[in-house]
1. For the range 125-133, state whether one or more residues are more than 16 Å from the ligand (Cβ to nearest atom), farther than 17 Å from residue 71 by Cβ and assigned to a helix (DSSP H, G or I).
2. What are the residue pairs meeting all of these: first residue in the range 188-211, first residue over 25 Å from residue 224 (Cα atoms), second residue among the aromatic types (Phe, Trp, Tyr) and in a loop (DSSP other than H, G, I, E, B), Cβ atoms under 9 Å, and 6 or more apart or on different chains?
3. I need the full set of residues from the range 79-99 which are in contact (Cβ under 8 Å) with a residue 60 or more places away in the chain and either more than 11 Å from the ligand (Cβ to nearest atom) or open to solvent by 40 Å² or more (accessible area, probe 1.4 Å) (or both), in order please.
4. Pull out all pairs, ordered by first then second residue, where Cβ-Cβ is under 8 Å, the residues are six or more apart or on different chains, the first lies in the range 40-51 and is open to solvent by 100 Å² or more (accessible area, probe 1.4 Å), and the second is of a type outside the set (D, E, K, R).
5. Keeping to the range 56-70, report how many residues are within 14 Å of the ligand (Cβ to nearest atom) and surrounded by 18 or more Cβ atoms within 10 Å (Cβ to Cβ).
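The values are calculated or read from the model by the stated rules, or taken from the named source; none is laboratory data. None of these values were measured; they are calculated from a predicted model. Cβ coordinates were reconstructed from backbone atoms using ideal geometry, including for glycine residues, and neighbour counts include every protein chain displayed. Only protein heavy atoms, including side chains, enter the accessible area calculation; ligands, DNA and RNA are left aside. Shrake-Rupley method; radii C 1.70, N 1.55, O 1.52, S 1.80 Å.
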Amino acid sequence: MCMKTEFLFLTILNSGPKHPRASLDVFLRPLIEELKELWSTGVEAYDISLNKNFNLKAVLLWTISDFPAYGMLSGWTTHGRLACPICMEDTKAFQLPNGRKTCWFDCHRRYLPHGHQLRKNKTSFLKGKHAIRDYPPQSLTGEQVLYERIRQVNPLKTSDCGGNGHEVKQRGYGDWHNWHKESIFWELPYWTDLNLRHNLDVMHIEKNFFDNIMNTIMNVKDRSKDTVKSRLDVARFCDRKEVHVDNQGKAPFPNFRLTQPAKEALLKCVKNDVKFTRREIFRHEES
Ligand SMILES: [Zn+2]
């Protein structure tokens, strides 16, 4: 229902041309004030079925956004080693020595139920590693996040430092926390009572995932994730000898890459057999 036009309600439009970045809370201010009023006193509204006025109250259940916007809404920066807002400082993220990127491979097996068979697997994840006795980080309540985490670090509120004031980071930023601000949402009197405050809209994530998989299996030049550097990293972290670079420096043809006839068959199928239907899509201007 919430994705249908008749239930959508435009509340703010940010003016361009620049991305609001850390100053998003400046733009959210009018919305937050209205939400506070809708929670405490409510507004007079008309009920057509009863033909009379009533006091309408409303609550913000949660936010839905892509991953970059998650950081702008929550105040926890979603890039760098501490990008995962659930693992936070307990992250198992590591640097790929050849790809030179932060990697979250096998960081989340510990969230599986204990006894799950993938926890025993020592070949499909980090080589030689099982996750039988790995525990996920403690699940925090909203109150714990605000009082035991954010307020311990004391990142500034946008109302105190202005939209551009978040350049100055608190001690430990990027090291043991990623709080760049105390989000304006904490002003809502019920925000600490919500156990799920921010959700990810999978549309952009699925699109990026799809692009990367297609570019990799089609071996698109400069777009494929399968590079010599990634093969070297695979050799270091994974038990997949069939793709390791050999001692002459040659990378074997991987089983995930499509052969020329397979590529042609796929493209022919997309061209002739796949039917696309029209659907409303909300486009994101920047990611
Ligand atoms: Zn995580």
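1. Among the residues of the range 125-133, not one is more than 16 Å from the ligand (Cβ to nearest atom), farther than 17 Å from residue 71 by Cβ and assigned to a helix (DSSP H, G or I), which makes the answer no.
2. 194/62; 196/62; 197/62; 198/62; 199/62
3. 80, 81, 89, 96, 97, 98, 99
4. Sorted first by the residue in the range 40-51, then by its partner, the pairs are 44/53; 44/54; 44/55; 44/56; 46/53; 46/54.
5. The total comes to 1.
Residues checked against (1) in the same structural domain as residue 227 (by TED's automatic domain parsing); (2) open to solvent by 50 Å² or more (accessible area, probe 1.4 Å); (3) not in a helix (DSSP H, G or I):
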| site | (1), (2), (3) |
| --- | --- |
| 106 | no, no, yes |
| 110 | no, no, no |
| 115 | no, yes, yes |
| 123 | no, yes, yes |
| 143 | no, yes, no |
| 147 | no, yes, no |
